[in-house]
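Read through the structure below, which is laid out as structure tokens, and then see the notes.
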Amino acid sequence: MTQGVVTDNLVLRMKKDIHHKDYRPVIFKDSTNGFSVLTRSTAQSNVTEKWEDGNEYPVVEVYISSASHPFYTGKEKLVDIEGRVDRFKAKAAKAAELRNKAAAKAAKQQQRRDNKTADDKTKLGDKSAKSDK
């Protein structure tokens, strides 16, 4: 007879040979706050750690868990392992600097055009004044 679960006189049978053979207890450890949970997994790890029950289990390091994720904790917490936020901020600062330089250059060019137009009007005014004499 195959194993199964009986619920309301209905037997649910599980299929045989569809699960991994290395499905075993593993400790998942949050590297940001040290939170650990023992569960079953096929995740591979060479590192082991002694659990509360006295047995040693493989340890898989994770960067975010329910203990550190803002959705579950209700806190805005930034976890940036690869420096992505710093690179983004550096890019944004450089882009803002380039925009400011471009705006200053455009303003300077406009000022030159305005000065040239004023000079041209003055010169034209001088010519018309000489021709009137």
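With the structure loaded, tell me whether Lys21 is among the basic types (Lys, Arg) and under 21 Å from the mean Cα position of the chain (by Cα) or whether it fails that test. Here the answer is no, as Lys21 does not meet what is asked. In region 40-50, the count of residues that are of a type in the set (A, V, I, L, M), surrounded by fewer than 13 Cβ atoms within 10 Å (Cβ to Cβ) and touching a strand residue (DSSP E or B) at 6+ places or on another chain (Cβ under 6 Å) is one or more.
Any residue in region 95-106 that is among the polar types (S, T, N, Q), modelled with pLDDT of 90 or more and out of contact with any helix residue (DSSP H, G or I) (no Cβ under 6 Å at 6 or more places or on another chain)? Yes, region 95-106 has at least one match.
One line per residue, one yes/no per condition, for (1) modelled with pLDDT of 75 or more; (2) assigned to a loop (DSSP other than H, G, I, E, B):
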site: Glu52; (1), (2): yes, yes
site: Lys75; (1), (2): no, yes
site: Asp80; (1), (2): no, yes
site: Arg87; (1), (2): yes, no
site: Lys91; (1), (2): yes, no
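The values are calculated or read from the model by the stated rules, or taken from the named source; none is laboratory data. All of these numbers come straight from a predicted model, not from anything done at the bench. Backbone-built Cβ (ideal geometry, glycine too); neighbour counts: all protein chains shown.
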